[in-house]
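Single-structure report; data block below.
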Amino acid sequence: MSANENVITHIRDLLGPKGWIGAEDGPAIAPYLREERGLYIGSALGVARPSSADEAAHVVEICAEAGIAVTAQGGNTGLVGGGVPFSGEHPAIVLSSDRLTRIRSIDAANRTITVEAGVILADVQKAAAEAGLLFPLSLGAEGSCRIGGNLSTNAGGVHVLRYGNARDLVLGLEVVLADGRVWDGLRGLRKDNTGYDLKQLFIGAEGTLGIITAATLKLYPRPTVVETALAALPGITEAMELFGRIAEAAGGAVNAYEVMNRFAVDIACRHVEGVRDPFAETHPQYALIELAGQTDGLRETLERVLAQAIDDGVAVDAVIAENIAQGEAFWAIREAIPEAQKREGGSIKHDVSVPLSLVAPFIDKATQALEAVLPGIRPCAFGHAGDGNIHFNISQPQGMDKDAYLEHWQDFNARVHDIVMEMGGSFSAEHGIGRLKRGDMYRYKSDVEIDLMRALKRALDPDGIMNPGKIFQ
Ligand code: ZN
């Protein structure tokens with residue numbers, strides 16, 4: 001028996017028949033090896049599916065001894081190839097969290113929930129709701145992404161402006177380290193000022209320092225009043241002005257502030273069934289606004305700010321949802337954009353952030369820069385403008401060959417990211433580095449910053465077996 005076969009036998013004995021999918025299992029293993037959009041197809045000896053943190057630790061220990069790499073994977077919905085295994089110098093296995101699905105406890109009085117890494121995000125939200133509380137992390141893939149992946153990638157989504165990124169929602173973690181030991185840091189404390197905040201090292205580390213197996217998460221009071229509005233605006237400058245006005249008037253009640261340019265709304269309505277534009281006329285820019293809280297008066301605030309904005313020429317028109325269904329119909333426009341973009345042909349994507357004060361100048365400057373290279377490009381600029389994160393995706397000129405268009409990917413990325421970095425922004429606001437953005441990381445981060453990251457990597461994973469080929473080259 002070869003060394004690898006030995007390891008496989010050992011893991012299979014440990015986890016039982018449900019706990020191992022081998023390379024010979026063909027169709028069963030394929031989804032674990034493929035990045036969602038088909039950008040990467042990885043390879044692995046197999047997929048380990050432990051059902052407890054202890055089992056996960058054992059698997060890592062076995063792999064560490066044999067020099068086999070371990071790529072942790074949650075729902076495999078990431079957009080930068082971080083969860084797909086690559087055997088570089090080490091053969092690799094996938095360690096899937098899809099059987100680590102227990103909700104261990106809810107402490108309603110402490111407003112915390114402790115869940116295993118494989119719990120689907122929507123199920124965390126549901127469990128919180130059943131306890132009369134809110135888990136605010138919310139994003140497009142919430143029906144299939146898993147909380148361990150959300151934390152490992154420090155997921156963002158639509159409520160970051162109010163509740164922060166995934167990082168801000170964690171009080172404690174349980175982590176399997178590279179040598180197979182378990183760090184039990186599952187504390188539910190809002191104050192714990194006792195040395196290095198180790199949990200933050202593993203959040204956003206994409207499984208390169210250790211594997212998150214469980215987390216204690218913050219819950220919040222559940223808003224009883226939600227008001228949703230769609231505003232039509234002359235441009236992105238006015239959309240950011242309106243955000244400032246709403247944030248000032250509504251204070252902490254702004255739950256989401258998403259922008260969409262006309263092209264984004266147009267393709268969403270054209271390509272995705274049931275999505276419709278509530279305005280009779282077309283407008284250059286739209287903002288989707290959600291206020292939520294425990295007190296009445298939010299609707300009046302929204303009405304007053306929008307009426308004043310229309311008077312001042314900041315907005316052209318606005319509709320406030322009369323009921324939940326209408327609010328959902330506004331959100332449906334926003335949520336349809338990624339799918340609509342796929343149907344509109346090739347799209348070159350950027351997930352960037354800049355300071356709020358520079359969102360409008362960024363979009364203008366980047367649009368002009370790309371227009372100069374390839375006239376006819378169609379920017380689909382949308383996203384979380386309330387926290388400065390824009391999905392600046394560029395659809396191909398009409399009639400152009402898709403493959404010929406996608407050859408511009410690297411060049412467009414470099415031009416857009418150069419502008420972003422000049423403005424003090426980020427070339428990856430919420431999707432992470434994974435495999436896709438390693439080049440950008442080396443291009444834009446200082447030597448000092450890369451050195452610090454490498455020092456951490458060496459300290460926590462000296463043999464380089466935790467998700468190799470991700471973040472670092
Ligand atoms: Zn997003």
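May I ask you to derive the FRET efficiency for ALA131 and ASP184 from their Cβ-Cβ distance with R0 = 25 Å, giving the value to the nearest 0.05?
Values: r = 24 Å, r/R0 = 0.94.
So the FRET efficiency works out to roughly 0.60.
Divide, for the range 168-234, the radius of gyration over alpha carbons by 2.2 N^0.38 Å, where N is the residue count.
Numbers: Rg = 17.5 Å, N = 67, 2.2 N^0.38 = 10.9 Å.
Output field value: 1.61.
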Point to revise | Where GluC sites (Glu not before Pro) fall in DSSP loop in the range 219-312, at most 15 other Cβ within 10 Å | key: GLU273, GLU281
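For the range 287-444, what D do you get in µm² per second when you plug the Kirkwood radius from alpha-carbon pairs into Stokes-Einstein at 10 °C and 1.306 mPa s? Provide the component values of the computation, followed by the final result.
Numbers: Rh = 17.7 Å.
Using the Kirkwood radius from Cα pairs, D works out to 90 µm²/s.
Assign unit charges at the C-beta atoms only (+1 for Lys and Arg, -1 for Asp and Glu), then state the dipole size of the range 401-473 relative to its Cα centre in Debye, rounded to the nearest 20.
Values: 11 positive and 13 negative charges, 59 e Å.
It works out to roughly 280 debye.
Would you calculate, for the chain, the mean residue ellipticity at 222 nm contributed by helices, counting each DSSP H stretch of 4 or more residues as -39,500 (n - 2.57) and dividing by all residues, to the nearest 500? Don't skip to the end; give the middle numbers.
Details: 16 runs with 170 residues, N = 473.
Dividing the helical sum by the residues of the chain leaves -11000 deg cm²/dmol.
Taking the Cβ of ALA205 as the center, what net charge do the other residues with Cβ under 12 Å away carry, scoring Lys and Arg +1 and Asp and Glu -1? Write down the numbers at each step before the final one.
Values: positive: ARG167, LYS199, LYS457, LYS470; negative: GLU206, ASP461.
Here the charged neighbours net out to +2.
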Check your understanding: So which lysines can LYS18 reach, going by Cα to Cα under 18 Å and dropping same-chain residues fewer than 8 places off?
Key -> none
Study note, to complete from the structure: Spelling it out for LEU171: with amide H atoms placed in the peptide plane at 1.01 Å from N, the residues 5 or more places away or on another chain with amide H under 5 Å from its amide H are THR216, LEU217, LYS218
Point to revise | Residue-by-residue Karplus 3J(HN,Hα) for the range 332-349, coefficients 6.51, -1.76, 1.60, Hz, glycine and proline x | key: 4, 4, 4, 6, 7, 4, x, 5, 4, 5, 4, 6, 8, x, x, 9, 9, 10
Check your understanding: What is the set of long-range amide H partners of SER105 at a cut-off below 5 Å, with H atoms built 1.01 Å from backbone N?
Key -> THR114
**Study point:** Farthest toward positive dipole pole in the range 251-375 [+1 Lys/Arg, -1 Asp/Glu at C-beta], among HIS271, THR301, GLN341
**Key:** GLN341
Check your understanding: Among SER52, ASN413, VAL84, whose Cα sits farthest toward the positive end of the charge dipole of the chain (+1 at Cβ of Lys/Arg, -1 at Cβ of Asp/Glu, about the Cα centre)?
Key -> SER52
Review point. For the range 5-10, what does the Karplus curve 6.51 cos²θ - 1.76 cosθ + 1.60, with θ = phi - 60°, yield as ³J(HN,Hα) per residue in whole Hz, taken in order and with x for Gly and Pro?
Key: 4, 4, 5, 4, 4, 4
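First check a/c for the range 424-473, with a ≥ b ≥ c the square roots of the eigenvalues of its C-alpha gyration tensor; if it is under 1.5, answer rounded, and if not, answer prolate when a/b is larger than b/c or oblate otherwise.
Oblate, because a/c is 1.5 or more while a/b does not exceed b/c.
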Exercise for review: Determine which aspartates and glutamates satisfy two conditions relative to LYS437: a Cα distance under 19 Å, and not lying fewer than 8 residues away in the same chain.
Suggested key: GLU35, GLU36, GLU206, ASP351, GLU407, ASP411, ASP418, GLU422, ASP447, GLU449, ASP451
Check your understanding: What residues have an amide H closer than 5 Å to that of ALA256, excluding those fewer than 5 places away on the same chain, when H is modeled at 1.01 Å from N in the peptide plane?
Key -> GLU290
Review point. Rounded, prolate or oblate: which one fits the range 120-167, using the alpha carbon gyration tensor with axes a ≥ b ≥ c (rounded when a/c is under 1.5, else prolate when a/b beats b/c, else oblate)?
Key: oblate
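Placing +1 at every Lys and Arg Cβ and -1 at every Asp and Glu Cβ, with all other atoms neutral, what dipole size does the chain have around its Cα centre, in debye to the nearest 20? If you can, show how the numbers build up before the last one.
Numbers: 43 positive and 62 negative charges, 144 e Å.
In debye, rounded to 20, the chain gives about 700.
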Exercise for review: Can you grab the distance from the C-alpha centre of the range 24-65 to the C-alpha centre of the range 157-236, Å, no decimals?
Suggested key: 24 Å
Study note, to complete from the structure: With a ≥ b ≥ c from the Cα gyration tensor eigenvalues, square-rooted, and the rule rounded for a/c under 1.5, otherwise prolate when a/b > b/c and oblate otherwise, the range 134-212 is oblate
**Study point:** Nearest-ten-degree value, helix 53-66 long axis tilted from longest Cα axis of the chain
**Key:** 60 degrees
**Study point:** Bridge type composition, the chain - antiparallel percent by DSSP, nearest 5
**Key:** 85 percent
Practice item. Compute the relative contact order of the range 202-296 as a whole-number percentage, counting only Cα pairs closer than 8 Å that sit 6 or more residues apart in sequence. Key: 44 percent
Review point. Residue-wise, which Karplus ³J(HN,Hα) couplings in Hz belong to the range 400-414, taking 6.51 cos²θ - 1.76 cosθ + 1.60, θ = phi - 60°, and x for glycine or proline?
Key: 6, 5, 4, 5, 4, 5, 5, 4, 7, 3, 4, 5, 4, 4, 4
Study note, to complete from the structure: Quick calc: nm separation of the 7 Å Cα→Cβ label points for GLN368 and LYS445 -> 3.2 nm
Check your understanding: Between LEU356 and ILE41, what FRET efficiency follows from the Cβ-Cβ distance if R0 is 56 Å, with the result rounded to 0.05?
Key -> 0.90
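Read the figures in this text as sums done on the coordinates, not as results from a lab. The structure presented is a predicted model; accordingly, all values stated were derived computationally and were not measured. Ideal geometry is used to build each Cβ from the backbone, glycine not excepted, and the neighbour counts take in all protein chains shown.
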